[in-house]
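The values are calculated or read from the model by the stated rules, or taken from the named source; none is laboratory data. Note that the coordinates shown come from a computational prediction; the quantities given were computed from them, not determined experimentally. Here Cβ is always computed from backbone atoms with ideal geometry, including for glycine, and neighbour counts include all displayed protein chains.
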Amino acid sequence: MSPYKILFHVNELERWPVALLNLVNLIKDIGKENLQAEVVANGPAVLFYAASPEFRGKLPATWSDEFLQKLLHDMQEIQQLGVPFLACANALKMNALEERSLHGFVTVVPAGITEIVKKQSEGYGYVKP
Amino acid sequence: MSPYKILFHVNELERWPVALLNLVNLIKDIGKENLQAEVVANGPAVLFYAASPEFRGKLPATWSDEFLQKLLHDMQEIQQLGVPFLACANALKMNALEERSLHGFVTVVPAGITEIVKKQSEGYGYVKP
Amino acid sequence: MSPYKILFHVNELERWPVALLNLVNLIKDIGKENLQAEVVANGPAVLFYAASPEFRGKLPATWSDEFLQKLLHDMQEIQQLGVPFLACANALKMNALEERSLHGFVTVVPAGITEIVKKQSEGYGYVKP
């Protein structure tokens, strides 16, 4: 059986916990080998990709350090299972984020919206967590 | 003509009135016989499925009892026209809801996100009301 | 190569700036000739289509007149590049808006949700900005 193809679209910082939980549940339920997923972040959601501590203050105030660590840990685990995390270059620019300030495993694409359009034309489903 | 296939994704309680209104308008416009729709709820949105009065306090405070009755009535009518309402088992657990506390017509699936992914691979469209 | 087909769904007024920015970036990135896009507004989002000044007060208070002019200008430019802007007739009615109060380039459809369903059955992707 060919794997299920699905694109996760995150454009608000507040939706990251839901998106990551969905991915964890999805992988647990159907198995990574049956899944071809990718995550596209644009808008202020790209701030979640910042590794540099100067951007900590831009994240939701309701996120404790402990909760944030848990989220970053989940993201890294999901990525290591083969799910790419993409950042929109337009969104990085609008949020004064440079590529070198991001976690090393994040892939920058010229326009997140183009990725969303192209992947669906290649048979990917779409979900907005 | 084969029916239009569409999956409605609801993951926030506040979006139920919009989702149900969309379904009512859709059925009115194209006719149930031309429609193969289903509704998948995950996250806190599953609390809307609770039949047990102890969960009334978890619903939006802006919903009057009268408004809530109207929503439940609409949901039941839509379901009777053949549109299944699904609940994510992970979300039920996270919201301390047991299957026996739900309206009898609700169908529980192991993971709502899997349903969303699989249905799109079967040709369903996706809408996030 | 056949053009990419994508439907933008806007159902909250607050999401218009994001939707228009996505469209501007998409057109810049892949070129209008490679794109078959359309925008469907339902819910209160249709108020953005009002040309009549009596509806100005219904728009987000955080939008300055200057910002609104910029948004309307972007919408008009995108439309002139061949992207139709559709309004749901049900939503117009619910928001006490008549077709003659809308910008001339807006197209009214009986039900926005039907358009969303049909276009996906014709191979369009879906994005919720």
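What are the residues in region B:90-110 that are small (Gly, Ala, Ser) and surrounded by fewer than 19 Cβ atoms within 10 Å (Cβ to Cβ), if any? Can you show your working first?
Taking region B:90-110 and keeping what is small (Gly, Ala, Ser), we get B:91, B:96, B:101, B:104.
If the condition is that a residue be small (Gly, Ala, Ser) and surrounded by fewer than 19 Cβ atoms within 10 Å (Cβ to Cβ), then B:96, B:101, B:104 are the ones that fit.
Within region C:42-73, can you find the residues that are out of contact with any helix residue (DSSP H, G or I) (no Cβ under 7 Å at 6 or more places or on another chain) and of a type in the set (A, V, I, L, M, F, W, C)?
In the first step, residues of region C:42-73 are kept if they are out of contact with any helix residue (DSSP H, G or I) (no Cβ under 7 Å at 6 or more places or on another chain); the result is C:49, C:53-54, C:56-57, C:61-70, C:72-73.
Those that are out of contact with any helix residue (DSSP H, G or I) (no Cβ under 7 Å at 6 or more places or on another chain) and of a type in the set (A, V, I, L, M, F, W, C): C:61, C:63, C:67, C:68, C:72.
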Cβ-Cβ under 6 Å, sequence separation 6+ or interchain: first residue in region A:55-68 and under 26 Å from residue A:94 (Cβ atoms), partner acidic (Asp, Glu) and modelled with pLDDT of 95 or more. Which pairs?
A:60/A:14
Within region C:26-58, how many residues are under 12 Å from residue C:127 (Cβ atoms) and not hydrophobic (A, V, I, L, M, F, W, C)?
1
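Quick one: which residue in B:31, B:43 is over 15 Å from residue B:91 (Cβ atoms) and of a type outside the set (Asp, Glu)?
On the way: B:43 fails: over 15 Å from residue B:91 (Cβ atoms).
One residue alone meets the criteria, B:31.
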Could you list, in sequence order, all residues of region B:1-12 that are within 11 Å of another protein chain (Cβ to nearest Cβ) and within 23 Å of residue A:125 (Cβ to Cβ)?
B:2, B:3, B:4, B:5, B:6, B:7, B:8, B:9, B:11, B:12
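Please verify whether residue B:119 is among the basic types (Lys, Arg), at pLDDT 95 or above and under 17 Å from the mean Cα position of the chain (by Cα), treating the condition exactly as stated.
Numbers: among the basic types (Lys, Arg): yes; at pLDDT 95 or above: yes; under 17 Å from the mean Cα position of the chain (by Cα): yes.
Yes.
Can you confirm whether residue B:18 is in contact (Cβ under 8 Å) with a residue 12 or more places away in the chain, in a helix (DSSP H, G or I), of a type outside the set (S, T, N, Q) and touching a Cys at 6+ places or on another chain (Cβ under 8 Å)?
Criteria not met by residue B:18.
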Are any residues in region B:109-129 more than 21 Å from residue C:114 (Cβ to Cβ) and of a type in the set (Lys, Arg), and if so, which ones?
B:118
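Under the condition of being acidic (Asp, Glu) and surrounded by fewer than 18 Cβ atoms within 10 Å (Cβ to Cβ), which residue from region C:13-33 is nearest to the other protein chains (Cβ to nearest Cβ)? Outline the logic, then answer.
Taking region C:13-33 as the starting set, the residues that turn out to be acidic (Asp, Glu) are C:14, C:29, C:33.
Those left that are additionally surrounded by fewer than 18 Cβ atoms within 10 Å (Cβ to Cβ): C:14, C:33.
Values: C:14: 11, C:33: 14 Å.
Once the filter is applied, the top-ranked residue is C:14.
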Which ranges mark the strands (runs of 3 or more DSSP E) fully within region A:65-129 that have 1 or more residues being over 21 Å from residue A:54 (Cβ atoms), within 14 Å of chain C (Cβ to nearest Cβ) and among the small types (Gly, Ala, Ser)?
A:125-127
Can you tell me which residue within region B:34-60, out of those that are among the hydrophobic types (A, V, I, L, M, F, W, C) and within 14 Å of another protein chain (Cβ to nearest Cβ), is surrounded by the fewest Cβ atoms within 10 Å (Cβ to Cβ)?
B:35
